[in-house]
1. In sequence order, what are the phi-derived ³J(HN,Hα) couplings for segment 612-624 according to the Karplus relation 6.51 cos²θ - 1.76 cosθ + 1.60 with θ = phi - 60°, rounded to whole Hz, with x for glycine and proline?
2. If you filter segment 526-564 for trypsin sites (Lys or Arg not before Pro), then keep DSSP loop positions with at most 10 other Cβ within 10 Å, what is left?
3. How big is the dipole moment of the chain about its Cα centre under a simple scheme where the beta carbon of each Lys and Arg is +1, that of each Asp and Glu is -1, and everything else is neutral? Debye, nearest 20, please.
4. For segment 557-635, how big is Rg over Rh, using alpha carbon atoms and the Kirkwood form of Rh?
5. Rounded, prolate or oblate: which fits segment 255-361, taking a ≥ b ≥ c as square roots of the Cα gyration tensor eigenvalues, rounded meaning a/c under 1.5, else prolate when a/b beats b/c?
6. Normalising by the residue count of the chain, find the relative contact order in percent from Cα pairs under 8 Å and 6+ residues apart.
7. Would segment 343-406 count as rounded, prolate or oblate if I go by the C-alpha gyration tensor, calling it rounded below 1.5 in a/c and otherwise prolate when a/b exceeds b/c, oblate otherwise?
8. Would you work out the Kirkwood radius for segment 377-629? I mean one over the mean of 1/r across all pairs of different Cα atoms, in Å.
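The values are calculated or read from the model by the stated rules, or taken from the named source; none is laboratory data. This one's a predicted model, so the numbers in the text were calculated from it and none came from an experiment. Neighbour counts run over all protein chains shown; Cβ positions are idealised from the backbone, glycine included. These accessible areas exclude ligands, DNA and RNA; they are computed on the full protein's heavy atoms, side chains included. Shrake-Rupley method; radii C 1.70, N 1.55, O 1.52, S 1.80 Å.
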Amino acid sequence: MSQVSFDNYTRSGDVAVIAICVVMIILLTTSYVSRTRSFRIFMSIIVQLVCAAMVNISYHTLLMAQNPIYHPLIYVQRILYHALLLDVLFLFTLYTTVVSGLEHRKARVVAVISSVLLIGIIIIDIVLTSTGMGFRIGRDGTVLHRTNLFLIGYTLFIIVLVVLMNRARKLLYRRVMYGFYGTMAVSLIVRFTQVALNQSSLTTMTFVFPVIAMMYIMHSNPYNVTLGSVDIHAMEDMVRNMYARKAAFVYLSILLPEYDEEGKELPPEVRAVIRRFTGDYFRSSVLFQVDNGHMVLIAPKRRNPDYERRFENILKGFDKQYARFHIPYKIVIGESMEEISRKNEYVSLIKSIQKGMPENAVHRTCQEDIDRFNRSEYILRELTDIYNKRDLDDPRVLAFCQPVYNLQTGRFDTAEALMRLRLDETGLVYPDQFIPLAENYGFIHVLTEIILHKTCREIKRLTDERFQISRISVNVSVLELKDDAFCGDINRIIGDNRVSGDKIAIELTESRSEADFMLMKEKIEELRGRGIKFYLDDFGTGYSNMERIMELPFDIIKFDRSLVIASGADRRSEKIVENLAHLFRDMEYSVLYEGVEDDGDEERCREMSASYLQGYKYSRPVPIERLREYLPKAG
Ligand code: C2E
Ligand code: CA
Ligand code: CA
């Protein structure tokens, strides 16, 4: 039997609990927090702690009044206080099962055990109290209790929690678990210290420590406080939420390409403008930061029925800011659409639109964009499948071929292999629609293998039938050279088709990077040993470093069509192209002009040290089986 005197409790502990909880509620309602199930449990824990603290203050106040009138109320409040705290422990267990994503069946077992524990103890407490066997106020006003039921319940719940957290350990990030273990330990130490000191002021407070840990670890503020934006996961979360509630919204995406790189940061003045934009034009809008220079504003339509006018205003406001900063931009605006919301694909959709639009433009998403986007998603799925199957005979990958005219022999005796896809839902797909995708997703090498295989197979057929074909060139991306298996793969495919290496050429484009240059040099040297020839593709587009080019053992330099066009535009350009071609020829490279479309082009190229000509004037790319129509036959 223990006795409770009045001087072992002061209200400050519970007052502090109420204050801390109110501060937490303020913080949580002013920051962007995902409204998940765990968050709702978390919020009810905070609210219950406030109630518990208030009940405890009231309980002690009445107790100290030493007036028998209050006794029934004191009994009720004491039971209520303990019930609230035990319920908080119950919610802790529930919370742990939810955030750890514990298996449904196990979670139910935990829920049942905890509920039985909670309800059982509350009932026993009521029974003991009403029969005078538990807590009792003596005649002299002092408090007596025979069994400290609450402490028993508390201990049992802690055991359940420890077991549960031990289970959850494997499901949660380890550091997060350390955070929770640490705060639990602090709570227990405080709790037992106050028991040892015969104190009770901090009981409610010991429940607040884990709550602070939960807030910090699980529901921390994802805002970028200088920009007022939230990250992309929060955006997906919001879209999912709005879709579930069938709530329509509008979006405005701003891309500042100059800042859309790793490590780049928006200047403070620009941040200030964007921060203001977030609040000034739409009601209840949220700004999401997708990448360093890419932000998306989302606003519910219900709160902004006049969104068309708001769009106009925000764009006007943006124009003013552009006049100030002159930072290039791309803006995409649009309204939520069922099919995009369902798959939560706004970011990919917006990115695909941005890719195809000019700078300093505003684009409104339309059905055509969605169709194009769906098409490209479909192509990506097919590419993924092609990549996974790695079937060199995959019928979806077609080898087309463009014959190349040899000025020295006056015949078509070489050709370039060009890839196409033929897919069920789209028909023929051209390289501009799938090569960048394949490169981004790492599928390009498998495509090259298929084209090389199909090209070798056709070369074998042609030579078997005594057609004269010197070689066919295949395009290879510099990315592919990074794989150590590259040379082995090329050798294997050529060997398996029993074709001699000198029937194959590889076209590479120049790269700015020093590492790529070294890689090219290494691979070219290795494969040249097998007789494979190398072409430098797209010479004259963008960056051309003559010194670097001369260091690589190319056989043919392919002058891009832009040079053919330039040479026809004015005398000065013609002179430059002519001199470049001349220089290469002197260095014993052959020059091939690409994109020769008419007699004028051909005439100029002949004058400008050409060895080979390729272009629509001679033939468009045709299916590789039709190449024979252009080739001479031996004998
Ligand atoms: P490229 O290697 O520069 O290929 C030449 C492109 O110019 C081809 O477009 C061809 O159809 C086109 N062309 C040919 N003659 C003329 C002409 O007289 N006038 C004009 N305006 N264009 C002409 P295509 O087949 O659409 O290929 C585009 C690009 O796709 C290729 O440019 C190449 O970079 C890439 N590509 C094509 N096939 C493959 C491949 O198997 N692997 C890789 N990695 N890239 C490929
Ligand atoms: Ca090429
Ligand atoms: Ca080219």
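1. Each residue's phi maps through the Karplus curve to give 10, 10, 9, x, 4, 4, 9, 5, 6, x, 10, x, 4 Hz.
2. none
3. Taking the Cα centre of the chain as origin, the dipole is about 3480 debye.
4. Expressed as Rg/Rh, it is 1.04.
5. oblate
6. Details: 884 pairs, mean separation 57.0, N = 635.
Relative contact order, the chain: 9 percent.
7. On the way: a/c = 3.43, a/b = 1.55, b/c = 2.21.
Oblate is the answer for segment 343-406, as a/c is 1.5 or above yet b/c matches or exceeds a/b.
8. Over segment 377-629, the inverse of the mean reciprocal pair distance is 18.8 Å.
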